[in-house]
Amino acid sequence: MRRLDRKSARPIGSDRYGPTRIRDVVDGVGTALAVAQPHENRKDERMTDTQTNAAPLDGKLYLTDGGLETTLVFHNGIELPCFAVFDLVASAAGRATLTAYFERYIAIAREAGAGFILDTPTWRANPDWAAEIGYGPEELDRLTRAGVALARDIRAAQTSHPAPILVNGVVGPRGDGYVAGEAMRVADAATYHRPQIESFAAAGVDLVSALTMTNAAEAAGIAKAARQAGLAVAISFTVETDGRLPSAETLGEAIRFVDAESEAAPRYYMVNCAHPDHFADVLAEAGPRLRGIRANASRMSHAELDAAETLDIGDPQELGTLYRGLQQRYPQLAIFGGCCGTDERHIGAVCAACAPIAA
């Protein structure tokens, strides 16, 4: 949905993102962190290395949320300049919106006895995108940490959840999630994404996931940076209607490249942001390293989605059926969620279709 990026972005000097707004955001983040900071007095703690190594590769079903940005824009009517969600954590209203959003998905997982991978709202929280809406490195670090604190608070409230809930630090691409653009070298990608990953490590995530990766080099750099920070990491690739990455690499080629460049740092790989019909026949080449999918319910290509003025949600029940077919065909798959245009209806249908097989 890149068209939304262009439609929603405002100049830095606008009312929403002028100097007064930025000061308000920074003050709000300081307040949020002051409330959430004393982890020694809280029941919620980072999972042990043993737990993180096992989950979500412990044989259980794990769910994620759906399309956070598309839900907030189309269903909640929230303006997201550059499709960035991370500054919502700076206000009480924003934190309440995000909490309610994730609690709907956690309830689905709890009912099924499934684990849950709880994303931080940080997909756009890297220097280039932050600069587009007026944030410098210090503000970005504080907002990133506040996003982790919010996720930890959401998890801490789930006292009766029957399976692990992992706080997942989300890293997005430096550029567009639909287009490969000018690829960075692996070392440059590691340097670029390292500050965000270090913020995650300091704030106490359980793992890092790079979502909507369009090329293997950037993904490998993120994997290396996470490894150096001592964090578990997962990589999820965007694929086109032919099952290839936007960079034209095959899924198998991309996985082999990242493993070779990062000493096999990723715990697992995923595919995202395409309809199951677009990638069902290429998952075999990924082998056992592929453990999850976060698909679109829409069959539109990325170019069509890019130009769309309305949200195509597809058919939630059909999506659940397609996921079940993939689960039966590729039994190593255990992590199921959604991407652009999906919401709790889709994840509920996916869970209903896949939980009996996982059990």
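Bear in mind these aren't lab numbers, they're just calculated from the coordinates by the rules spelled out. Just so it is clear, the model here is predicted, and its values are computed rather than measured. Virtual Cβ from ideal backbone geometry, glycine too; neighbours counted across all protein chains shown.
If R0 is 22 Å, what FRET efficiency do you get for ALA352 and ASP153 from their C-beta distance, rounded to 0.05?
On the way: r = 29 Å, r/R0 = 1.30.
Efficiency, rounded to the nearest 0.05: 0.15.
Label segment 249-359 by shape, choosing from rounded, prolate and oblate, from the square roots a ≥ b ≥ c of the eigenvalues of the Cα gyration tensor; if a/c is under 1.5 it is rounded, and otherwise prolate applies when a/b is larger than b/c, oblate when it is not.
Values: a/c = 2.20, a/b = 1.27, b/c = 1.73.
It comes out oblate by the Cα gyration axes.
Largest first and in whole Å, what are the equivalent-ellipsoid semi-axes of segment 105-247 based on the Cα gyration tensor, each being the root of 5 times an eigenvalue? Before the final figure, lay out each step's value.
Values: eigenvalues 135, 72, 36 Å².
Three semi-axes, in Å: 26, 19, 13.
How long is segment 124-163 along each principal axis, judged by its Cα atoms, biggest number first, in Å?
41, 15, 11
Compute the distribution of all C-alpha to C-alpha distances in segment 99-181, in bins of 10 Å from 0, and list the percent of pairs in each, rounded to whole numbers.
Once binned at 10 Å, the Cα pair distances of segment 99-181 give 17, 40, 27, 15, 1.
Please compute the modelled spin-label separation between THR191 and THR321, points set 7 Å along Cα→Cβ, answer in nm with one decimal.
5.2 nm
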